[in-house]
Amino acid sequence: MSAARFVFDFDEPSPGGRELLGGKGIGLAEMTELGLPVPGGFTITTDAFRSYAIGRQLPEGLAEEVRAHVAALEVKCGKRFGDHDDPLLVSVRSGAAVSMPGMMDTILNLGLNDEAVEGLAARTGNPRFAYDSYRRLIQMFGEVVDGIDPRRFPDALAALKRERGARSDADLGAEDLRALVASYRGIYREEKGRDFPAGATDQLMRAVGAVFDSWDTPRARVYRGANGIPDDIGTAVNVVQMVFGNKGDRSGTGVAFTRNPATGARELYGEFLANAQGEDVVAGIRTPQPVEAMALIMPRAYEELRAALRRLEERYRDMQDVEFTVEDGALYLLQTRAAKRTAAAALKAAVEMVEEGMISREEAIVRIDPASLDQLLHPRIDPAEALKAAAKGLNASPGAASGGVVFDAETAVERAKGGPVILVRTETTPDDIHGMIAAQGILTVHGGMTSHAAVVARGMGKPCVAGCEGLSLEEGVAHLAGHDLREGDVITIDGGSGQVYVGKVKLVPPQLNEDFETLLSWTDVHRRLRVRANADTPEDAARAREFGAEGIGLCRTEHMFFGEERLPVMQEMILAEKEPGRRAALERLLPFQQADFEGIFAAMSGLPVTIRLLDPPLHEFLPLEEQASDERMRARIRVLHESNPMLGMRGCRLGLVYPEIYEMQIRAIARAALAVEARFGEAPLVEIMHPLVGFAEELRRLRELTERVWMQEAPDMPHTVGTMIELPRACIRAEEIAGEAQFFSFGTNDLTQTALGVSRDDADRTFLMHYLEDRVLERNPFEVLDTEGVGGLMRIAVAGGRARNPSLKIGICGEHGGEPRSIAFCHGIGLDYVSCSPFRVPIARLAAAQAALAQEGASRYVAAGG
């Protein structure tokens, strides 16, 4: 026998805890320890799974251990496994350390065969129950263990119900179910070329292997990928004495929560099915009743359930999700786990548990998933609506919106004056910015989670569905899953789920409430990282401040050159052949810039504002060559054409070649600062940022330009000058660059592109999804910071920059600044602040506090049931 031990009874101690026994196994063991009514059984550990995964064979010695634990269970129950007279039956259920509800497989009623079912019927005096249990075993075993088409058994059941005129399974009698068993056995024989296995031990060991195999089903892999669960933790298997909810009207099965998982209210919440077994409640085979209905038909079991739920919540100090069965009036608990809940429910429950003295404020902070707060910050589709989506794409930016279809930015601006619009494009470009601002939401045929449409929409807090399957565009028509939609036809998009609906759908407003504000006030006590916002307009700045932003970490000025009045002047500047012509056009643009900056400074009064001078290449302000108005413009477009503009004439290179552009912007900033100081009596905290610096000499010259213009306009106005770190060379030579900088801000969107040699705009539609599905990469590096590669460059830059300038302020303004795992990394390397879109500011505040608590050793704050 192998020296390794793979099996533990529920009532014996195990040194491995949740990681060894899985969530379900540790819950059964702890409920047993509490003296709650738990059926007997044992857990096959995750160590056994890992051994099995190597060669797809059950580990040596496991079968002997299982037989020994079955024998001990037989003694406890007074029944024998495989007995034909009074058989012990068991279930086999998966249970990973991290809850994956519904993702892996379960098999019930193992131990039944043709003889044992007759013995069970005679012993219980209930042949209907016996044959109902047997048909369930054949179906589950056939589908899970032997891979039989999952439609075959339900089709046979549906045909029998039609023949008998039965509305539900419960209307079938004993003889009906005996006939159904014969039909199921025939299906099994037809599919597998052999009879259903009669040996109880054979059934059990094959079921264990099948449950291990279910760890690698496509749905389980997708779920782990979506929830950041490692592939290598594996699952345990729980072998549990069967208790039966399908023995009659005094039996049943259900699921109960210690608090309402939708609202967080402290109330019993759940569902119950009389005369049902196992998965019937969650499978949707029959319509369940509210769990309170138990009080009328089995009051004693109901009161026992209420008492058990109270004890479990006190034990785990968290909302619990409990599966239970009632057999002939006796209650049994089959599982307890931390309940999945909405963000609103998570906040309410956490805050109330602090008020009740159940948990500390630190525990409340740690147990809230920062990403879930997105649910509270955007309008959403009313969950009470019964809807059928027309198509589905990527949930690129959360929230929901209804509006008339428009196909270009200009039309979006015009039609938005008369009502809400949805901008529908093959994909968006910077030229569409005014239409994106005007639209309520964006829908694209192509693009991924980090496409232009997705990134800009998230920054604006607008819903976006990108890469929509079933959507195609031709002149003036959108073909959406059989619907031909023309300009003005109404659609609804749900950026949280990626679903698209034809017509207007009822929306509900963001769920901002007192619990939300209370928890965020607690986070501010613990976090070290400051949280700023990426905001380009006074409206975005004001919204960010409402959400608790402590300044602006990125104000992108390129968006200020679009629009009906501005874009023609910007194009005139670009078309000018000599500097005087450019300066004349820039002088006309200066008032627009100044007005924008005045609005932003006023909205952020008393807080720092980092303004990035013009970054994109000039061709982005011109139309495509075939759309140019004249030969002069076409010629200029050809001159500005670059094979790789992302690495071309942009950023500080633009400022050095055409210094008059940056001079105008600095002048506008300085004048705006003076105007706001005069109006409010407080000078703005101005930070001027030069983008795409790779050489110290670039920043030295641009800082000199900045100071010269600033001294002309506002010699007594305080300000700082720094750079956006977005090139690997800038990271490596940060010590030199820091000699010319008062602050660094990591632009991790471009730093990720330049460090990885990957185009963000192209990767989603070419190789990146394959990389993620095939586990070449565990996470999308444009969504979650690549802490080893890009993060390694950031570490070098922080160390080098502060070695030269110990007072150097360092932050991050890329999209990663609002992503919780990336924020934790930024905290760890000593950044001063993160900056993100306004709607992600609360998420960043929470994630920053969690990072600080983790550094303090916050594992002590995590509830045992979490």
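Data overview
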quantity: Search result, residues across segment 135-176 that are open to solvent by 60 Å² or more (accessible area, probe 1.4 Å), under 26 Å from Ala122 (Cβ atoms) and of a type in the set (Asp, Glu); calculated: Asp171, Glu175
quantity: Members of segment 537-586 that are without any contact (Cβ under 8 Å) to a residue 40 or more places away in the chain, surrounded by 16 or more Cβ atoms within 10 Å (Cβ to Cβ) and of a type in the set (D, E, K, R); calculated: Arg566, Glu572
quantity: Test result for Ser837, touching a helix residue (DSSP H, G or I) at 6+ places or on another chain (Cβ under 7 Å), modelled with pLDDT under 95 and among the hydroxyl-bearing types (Ser, Thr, Tyr); calculated: yes
quantity: Helices (runs of 4 or more DSSP H) lying entirely in segment 761-838 (those with 2 or more residues that are surrounded by 24 or more Cβ atoms within 10 Å (Cβ to Cβ) and over 23 Å from the mean Cα position of the chain (by Cα)); calculated: 790-804
quantity: In segment 382-418, residue least open to solvent (accessible area, probe 1.4 Å) [restricted to those that are among the polar types (S, T, N, Q) and touching a helix residue (DSSP H, G or I) at 6+ places or on another chain (Cβ under 8 Å)]; calculated: Ser397
quantity: Scope segment 619-662; condition out of contact with any Asp or Glu (no Cβ under 9 Å at 6 or more places or on another chain), modelled with pLDDT of 95 or more and either open to solvent by less than 50 Å² (accessible area, probe 1.4 Å) or at positive phi (or both); matching residues; calculated: Pro659, Ile661, Tyr662
quantity: Selected residue [within 30 Å of Leu480 (Cβ to Cβ) and touching an Asp or Glu at 6+ places or on another chain (Cβ under 7 Å)] from Gly418, Gly393, Gly399; calculated: Gly393
quantity: All helices (runs of 4 or more DSSP H) inside segment 122-227 with 3 or more residues being touching a strand residue (DSSP E or B) at 6+ places or on another chain (Cβ under 6 Å); calculated: 127-144, 200-213
quantity: Pair list, Cβ < 6 Å and 6+ apart or interchain, from segment 682-697 residues that are closer than 15 Å to Met649 by Cβ to residues that are surrounded by fewer than 24 Cβ atoms within 10 Å (Cβ to Cβ) and polar (S, T, N, Q); calculated: none
quantity: Options Leu347, Leu334; residue that is surrounded by 22 or more Cβ atoms within 10 Å (Cβ to Cβ), over 30 Å from Ser497 (Cα atoms) and touching an Asp or Glu at 6+ places or on another chain (Cβ under 8 Å); calculated: Leu334
quantity: Residue in segment 495-536 that is surrounded by the most Cβ atoms within 10 Å (Cβ to Cβ), counting only those that are of a type in the set (D, E, K, R) and outside any helix (DSSP H, G or I); calculated: Arg532
quantity: Helices (runs of 4 or more DSSP H) fully within segment 386-483 counting 3 or more residues that are within 26 Å of Ser835 (Cβ to Cβ) and either in contact (Cβ under 8 Å) with a residue 24 or more places away in the chain or within 26 Å of the chain's Cα centre (by Cα) (or both); calculated: 433-438, 452-460
quantity: Extreme residue, farthest from the chain's Cα centre (by Cα), among residues of segment 550-570 that are assigned to a loop (DSSP other than H, G, I, E, B) and over 11 Å from Val609 (Cα atoms); calculated: Glu565
quantity: So Gly488, is it open to solvent by 20 Å² or more (accessible area, probe 1.4 Å), on the phi > 0 side of the Ramachandran plot, in contact with a strand residue (DSSP E or B) (Cβ under 8 Å, 6 or more places away or on another chain) and part of a loop (DSSP other than H, G, I, E, B); calculated: yes
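The values are calculated or read from the model by the stated rules, or taken from the named source; none is laboratory data. Just so it is clear, the structure is predicted and the values come from calculations on it, not from any experiment. Here the Cβ is made from the backbone with ideal geometry for all residues, glycine too, and neighbour counts use every protein chain on show. Note: accessible area is taken over every heavy atom of the protein model, side chains too, but ligands, DNA and RNA are not part of it. Shrake-Rupley method; radii C 1.70, N 1.55, O 1.52, S 1.80 Å.
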